[in-house]
Amino acid sequence: VTVKPKPEETSVYWHIPKSGGTNAKSYFGCLGLALVSKTGGLAKYGVAEEDRLEIFKPFENSNARFVNVDVTTTEGLDRAVKLGLIQSSIADVIFFTNPTIIEGLFDTEHKGRVMAMFRNPVDRLISKFYYLSIASWEPNYQPTWDGMDLGVWARDHDTDHNFVLRTLMGKKARHLTEADLTHAKQLLSERFIVGLSNKYEESIRRFEAVMLVNEKIDSDTRYKCNSEFFGSRIEKKNANDHPQVEPGSEIYNIIAENNLLDMALYEYIIDLFAEQTELIDSYKI
């Protein structure tokens, strides 16, 4: 990450659930950037089985453009490699969910730069609980959670422990060690531009610097999308209102205890975010 971004690089975005990734995708779509996401692999748009890469616009009255691949599945990743996704430079940003397999897209001559938005693990899990209890459109919808007491869920039903670390390391939660935490810190510091969901606009600005957005997108479009997504309207976008849990409360502490390694990693990410300020400024020179 210490080397300034180059136009020929492809940016990749690790989408961590309930951490602002959907909103980021919508914002980048508003800008008209060419996105790789699940949308590109949906059969209903009629381009997911083509034997060549192409950009399509599936939504009326929207700037959003997508490449006809999806790297969130093994099959989709294999197809993207076969079609030369990275070598084509057709995509502005690739959204992925599994860090352990995304390297398969790249080779020694074609590099990528990784971004990710992180959220307090307790807040992320509480948001997930309330969201999946009502999100009937999601494949992992949990109707039995609707009306369940949050404390009961935290004690008896939440098994999503240390999600960020185990996903980054490709391990089951019970196999994680302090050595994995150390490795993850090193990986993030060397290869990731990190964002914080509670510093969302600043984080997006950093991602824009990585993707050279000011060079790719005209000022009028940037102004329009900034007005739509930021300022007083930022909390209204893709929000799922739910009761807040105070740090230090019994429920908060239960969830934190179940996610000690993720909590430690998040504390490190807060420090790394501050440290990367100077790095991002160097990109703009």
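The values are calculated or read from the model by the stated rules, or taken from the named source; none is laboratory data. Here the structure is a predicted model, which means the values were calculated and not measured. A quick note on method: Cβ atoms are made from the backbone with ideal geometry, for glycine too, and the neighbour counts reach across all protein chains shown. Surface accessibility is based on the protein's heavy atoms, side chains included, excluding ligands, DNA and RNA. Shrake-Rupley method; radii C 1.70, N 1.55, O 1.52, S 1.80 Å.
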Check your understanding: Which of the chymotrypsin sites (Phe, Trp or Tyr not before Pro) found in the range 78-121 are loop residues per DSSP with 14 or fewer other Cβ atoms within 10 Å of their Cβ?
Key -> none
Revision key, fill the gap. In the range 182-223 the accessible area split gives carbon plus sulfur, as whole percent at 1.4 Å, a share of 43 percent
Revision key, fill the gap. Note, the range 275-282: 3J(HN,Hα) by Karplus (6.51, -1.76, 1.60, θ = phi - 60°), whole Hz, Gly/Pro = x, goes 5, 7, 4, 5, 4, 5, 4, 5
Revision key, fill the gap. With every protein chain in place, the accessible area of K18 for a 1.4 Å probe, in Å² rounded to the nearest 10, comes to 50 Å²
Point to revise | Net charge, I55 excluded, C-beta distance under 13 Å - Lys, Arg +1, Asp, Glu -1 | key: 0
Practice item. Pairs to check: K111/K284; K6/K199; K216/K284; K4/K216; K82/K111. Give those whose C-alpha atoms are more than 22 Å from each other in this structure. Key: K6/K199
Review point. Largest first, how would T277, T182 line up by accessible area (1.4 Å probe)?
Key: T182, T277
Exercise for review: Specify the residue with the greatest mean-square fluctuation among W137, W153, W14, computed from a Gaussian network of the chain linking alpha-carbon atoms under 10 Å apart.
Suggested key: W137
Study note, to complete from the structure: Given a 1.4 Å probe, the accessible area of the range 1-54 per residue, as a whole number of Å², is 43 Å²
Revision key, fill the gap. Computed over the range 134-285, protein heavy atoms only, probe 1.4 angstrom, the accessible area per residue in square angstrom equals 58 Å²
Study note, to complete from the structure: Of all stretches in the chain that avoid GluC sites (Glu not before Pro) placed in a DSSP loop and having at most 11 other Cβ atoms within 10 Å, the longest is 110-285
Revision key, fill the gap. Checking S136, S62, S197 against a Gaussian network model of the chain (alpha-carbon springs below 10 Å), the top fluctuating residue turns out to be S136
Review point. Tell me, what % of the accessible area of the range 1-120 is carbon and sulfur with a 1.4 angstrom probe?
Key: 48 percent
Study note, to complete from the structure: Taking Lys and Arg as +1 and Asp and Glu as -1, residues besides K284 with C-beta under 12 Å from its C-beta add up to -1
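Using helices alone, what [θ] at 222 nm do you get for the chain, with -39,500 (n - 2.57) per DSSP H run of 4 or more residues, divided over all residues and rounded to the nearest 500?
-13000 deg cm²/dmol
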